[in-house]
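Chemist: Sharing a structure here in structure tokens format.
The values are calculated or read from the model by the stated rules, or taken from the named source; none is laboratory data. Everything numeric here is computed off the predicted structure, so don't read it as measured data. We place every Cβ from the backbone using ideal geometry, glycine too, and count neighbours over all the protein chains shown.
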Amino acid sequence: MNEVSESIQDYSSAIRSTVWDALLALGGHDLEGPSTLNFGPTPNPQMGDLALPCFVFRGKLAALDDKARNNPAAIAARLAAQIQPNAWLEAVGSAGPYLNLTYRLSSLAQVVVREAIERGAAFGGAQVEPQHVVIEFSAPNTNKPQHLGHVRNNVLGESVSRCLAHWGHRVTRVNLVNDRGIHICKSMLAYQLWGDGCSPESLGQKGDHLVGDFYVMFEKRFREEYDLWQQSADGDAAFANWSQTPEGRKAVEGYEKWRATKDVEPAVDAKKKPGRAPQEPRAQFVSGYRDEYFNAVSPLGTQARALLVGWEANEPSIRALWSQLNGWVLEGFNQTYARLGVRFDKVYYESQTYTLGKELVQQGLERGVFYKDETGAVFFDTESIGLPGTKVVQRSDGTSVYITQDLGTALMRHAELGYERMIYVVANEQDYHFKVLFGVLGALEKELEGRFEHLSYGMVTLPRGMGKMKSREGTAVDADELLDEMKQLARKEIEAKLVLEHYTGIDEVEIGRRAEAIGQAALKYYLLDVSPASTMVFDPEKSLDFAGRTGAYCLYAYARTRSLLRKSGWDDSQRDFAALAMLRTEEEKRVVKELMAFHEAVRWAGESRDPSRIAEYLFNLCKSFAFIFTDKKGHPIISCDDPTLRKARIQLVEALGVVLAIGLDLLGIETLEEM
């Protein structure tokens with residue numbers, strides 16, 4: 001095989017075959033095949049491009065003498081001598097136990113750049129045998145707007161979906177909206193009591209924000225009610241009764257013991273830090289009794305629970321109110337999703353799925369998967385799946401728990417969608433829940449064992465001093481306000497550049513469009529540039545650094561490629577892939593090798609369900625381009641005197657733009673033709 005390969009895969013296979021033939025020529029035996037050759041990068045580009053460790057060939061090359069046969073360094077040297085430079089290898093050498101290979105740039109560039117340009121948006125994709133993968137993400141509650149945690153979930157779920165689809169799988173995105181329960185009824189009650197018939201239209205407010213305000217209003221009024229009750233005779237009586245319970249006595253005794261000893265000087269270790277003071281008993285009662293007060297005493301709680309009972313009984317007026325408020329929230333959610341570029345193929349609602357799973361409990365009992373105790377509660381033995389203890393799957397009164405619904409929903413989806421893999425994108429607080437859920441599913445349906453994955457992600461917060469971006473509850477960052485803030489920060493960056501000549505004449509609409517795209521690129525890249533499992537601090541200002549490892553930097557690099565193509569007057573008719581043989585420099589080779597590495601980045605991101613590999617890849621690709629773009633003397637592009645070399649470099653820029661566009665799209669980032 002002496003001609004230039006047609007594809008990157010052919011090129012790589014040709015190199016593997018070359019090495020494999022050399023191994024066989026040296027009497028290779030007990031070897032598994034060319035595909036098992038474990039190439040990696042060399043530690044220094046001056047040593048070559050690929051390194052093959054030769055430890056695994058010890059004792060397997062019969063043509064070598066006894067001494068060399070078991071010496072990896074000698075094996076590497078003999079292999080290097082056996083392989084001659086050819087159409088795809090410029091040089092072959094060895095360094096200790098490693099065989100080092102150097103690509104022939106003239107042929108590599110033609111293969112890689114041509115494939116990137118001709119395959120376009122499909123470049124790097126369709127690498128695997130397709131499976132149907134269902135991925136569930138977002139899963140918001142309809143009692144308030146989405147927050148920063150939802151943004152990370154949405155961005156991660158959408159990006160993983162895109163990576164899996166590009167890798168070659170058939171992906172179905174699903175969302176399970178929590179639209180029922182006591183938290184929804186709290187918003188409904190607040191609206192009934194204090195809403196005065198308002199609507200998103202009458203207030204000029206997004207529906208999810210309006211309903212969220214009423215949820216916050218309920219919590220505020222409930223706190224006021226609870227505080228007043230605690231100060232009343234009824235509150236004092238309840239505290240007195242609680243003080244006689246085991247929990248209360250323990251609290252009182254522990255506090256009195258601490259008070260009796262807190263002033264005693266330490267007798268042994270003066271450096272030892274004093275123990276943490278226990279909470280005063282009444283304060284413990286106030287914090288611990290809140291739920292019981294809500295369920296048994298509170299007038300507001302009574303009214304909210306009555307709404308829940310009426311909802312479950314399908315009382316028309318309550319269902320109408322619920323539908324109205326949920327409709328407002330869902331419309332608000334859809335606006336946020338559209339702004340983020342997030343979409344779903346199927347949306348499920350807990351109001352339609354919460355009864356699923358009850359039949360499974362009975363089936364599991366009959367098959368011995370579950371067992372019932374003397375109270376009538378039904379359990380699953382989690383020790384059977386390597387976890388301690390047991391898990392309730394049905395209460396003694398026959399009502400379901402959360403995992404029961406999840407069991408029913410998973411099996412219903414499999415019957416409906418026929419997936420091979422099901423991925424849940426949920427924060428790491430639910431790690432244990434999903435271990436149990438998957439174990440129970442495997443016990444109920446053996447054919448589904450091993451098909452489920454929990455893509456667990458860590459908490460994301462803002463740096464100190466970003467309090468202005470806190471939500472109305474003061475506990476989380478509102479998603480819409482975060483997006484607005486990112487747009488405003490990006491706008492400031494744009495306005496700072498308007499003094500430059502090529503920014504003059506931009507109208508307000510275009511400034512807003514660019515600011516939105518840049519702000520979201522900064523946000524998404526920052527969130528995805530770390531492994532999902534990592535807890536992270538999102539720094540809005542750092543995310544907009546145009547010279548750092550950011551989405552703004554990658555977006556700027558893409559815009560540069562578009563500008564170069566426009567200024568050069570380039571079009572498809574001028575393509576000449578043979579001209580790529582003119583590329584000669586190490587900087588050009590670095591770009592070509594980065595383009596070639598995109599397939600591996602896609603594979604890694606798909607296998608690991610981790611888009612951070614794509615983010616890292618894009619930054620490295622942009623850095624390799626920057627060396628050429630900024631070297632006007634050593635690497636002129638548009639102004640290059642040699643017309644053939646000019647074509648080669650412009651096509652390199654064209655291919656780079658293609659791959660940047662694909663990679664940014666995999667992260668959910670919209671590209672800009674101009675920054």
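Chemist: Tally time: how many residues in segment 371-427 are more than 24 Å from the chain's Cα centre (by Cα), in a helix (DSSP H, G or I) and among the hydroxyl-bearing types (Ser, Thr, Tyr)?
Modeler: The qualifying residues number 4.
Chemist: Condition test on residue 78, is it among the charged types (D, E, K, R), under 25 Å from residue 126 (Cβ atoms) and touching a helix residue (DSSP H, G or I) at 6+ places or on another chain (Cβ under 7 Å)?
Modeler: The answer is no for residue 78.
Chemist: Which of (1) under 22 Å from residue 330 (Cα atoms); (2) touching a residue at least 60 places away in the same chain (Cβ under 8 Å) is the odd one out, the single condition residue 116 does not satisfy?
Modeler: Here residue 116 clears every test but (1).
Chemist: Here is a follow-up. Assess whether residue 545 counts as being part of a loop (DSSP other than H, G, I, E, B), in contact with a Pro (Cβ under 7 Å, 6 or more places away or on another chain) and not small (Gly, Ala, Ser). Give the steps one after another, and end with the answer.
Modeler: Working: part of a loop (DSSP other than H, G, I, E, B): yes; in contact with a Pro (Cβ under 7 Å, 6 or more places away or on another chain): no; not small (Gly, Ala, Ser): yes.
When the stated conditions are applied, residue 545 does not pass them.
Chemist: Any chance segment 513-531 includes a residue that's of a type in the set (Gly, Ala, Ser) and outside any helix (DSSP H, G or I)?
Modeler: Among the residues of segment 513-531, at least one is of a type in the set (Gly, Ala, Ser) and outside any helix (DSSP H, G or I), which makes the answer yes.
Chemist: Also: So, in segment 192-213, exactly how many residues are in contact (Cβ under 8 Å) with a residue 24 or more places away in the chain and either closer than 23 Å to residue 336 by Cα or not in a helix (DSSP H, G or I) (or both)?
Modeler: 10
Chemist: Something else: Quick one: in segment 274-316, which of the residues that are in contact (Cβ under 8 Å) with a residue 40 or more places away in the chain and not in a helix (DSSP H, G or I) is nearest to residue 248 (Cα to Cα)?
Modeler: Per the stated criteria, the residue is 289.
Chemist: Right, here's the next one. Only one of these conditions is not met by residue 151: (1) within 30 Å of residue 188 (Cβ to Cβ); (2) among the aliphatic types (A, V, I, L, M); (3) without any contact (Cβ under 8 Å) to a residue 60 or more places away in the chain. Which number is it?
Modeler: (3)
Chemist: With the structure loaded, tell me whether residue 649 is outside the structural domain of residue 40 (by TED's automatic domain parsing) and within 22 Å of residue 423 (Cβ to Cβ) or whether it fails that test.
Modeler: no
Chemist: Assuming residue 150 fulfils every condition listed in (1) assigned to a helix (DSSP H, G or I); (2) not assigned by TED's automatic domain parsing to the domain that holds residue 456 apart from one, which condition is it?
Modeler: With respect to (1) assigned to a helix (DSSP H, G or I); (2) not assigned by TED's automatic domain parsing to the domain that holds residue 456, residue 150 is out only on (2).
Chemist: Same structure, new question: Would you mind finding the one in 320, 415 that is outside the structural domain of residue 445 (by TED's automatic domain parsing) and either of a type outside the set (Lys, Arg) or surrounded by 20 or more Cβ atoms within 10 Å (Cβ to Cβ) (or both)? Please lay out each step first, then the result.
Modeler: Numbers: 415 fails: outside the structural domain of residue 445 (by TED's automatic domain parsing).
After applying the criteria, what remains is 320.
Chemist: Tell me yes or no: at least one residue of segment 65-76 is crowded, with 16+ Cβ neighbours inside 10 Å, in contact (Cβ under 8 Å) with a residue 12 or more places away in the chain and basic (Lys, Arg).
Modeler: no
Chemist: So, in segment 539-573, of the ones that are of a type in the set (Ser, Thr, Tyr) and surrounded by fewer than 19 Cβ atoms within 10 Å (Cβ to Cβ), which residue ends up nearest to residue 611 (Cα to Cα)?
Modeler: 556
Chemist: Here's another thing I want to ask about it. For the condition modelled with pLDDT of 90 or more and aliphatic (A, V, I, L, M), what is the one hit in 462, 448? Don't jump to the end; show me each part of the working.
Modeler: Values: 462 fails: modelled with pLDDT of 90 or more.
One residue alone meets the criteria, 448.
Chemist: Can you find a residue that is within 30 Å of residue 336 (Cα to Cα) and among the aromatic types (Phe, Trp, Tyr) anywhere in segment 130-137?
Modeler: Yes, that holds for at least one residue.
Chemist: Okay, next question. Just to be sure before I move on: is residue 260 in a helix (DSSP H, G or I) and at pLDDT 95 or above in the structure I sent?
Modeler: It is false that residue 260 is in a helix (DSSP H, G or I) and at pLDDT 95 or above.
Chemist: Residue by residue through segment 344-370, note down the ones that are within 17 Å of residue 406 (Cα to Cα) and either part of a strand (DSSP E or B) or of a type in the set (Lys, Arg) (or both). So that I can check it myself, show each step before the final result.
Modeler: The initial filter retains those residues of segment 344-370 that are within 17 Å of residue 406 (Cα to Cα), namely 346-364, 369-370.
The answer is 346, 347, 348, 349, 358, 370.
Chemist: With at pLDDT 95 or above, aliphatic (A, V, I, L, M) and surrounded by 14 or more Cβ atoms within 10 Å (Cβ to Cβ) as the only criterion, which of 87, 51, 81 stands out?
Modeler: 51
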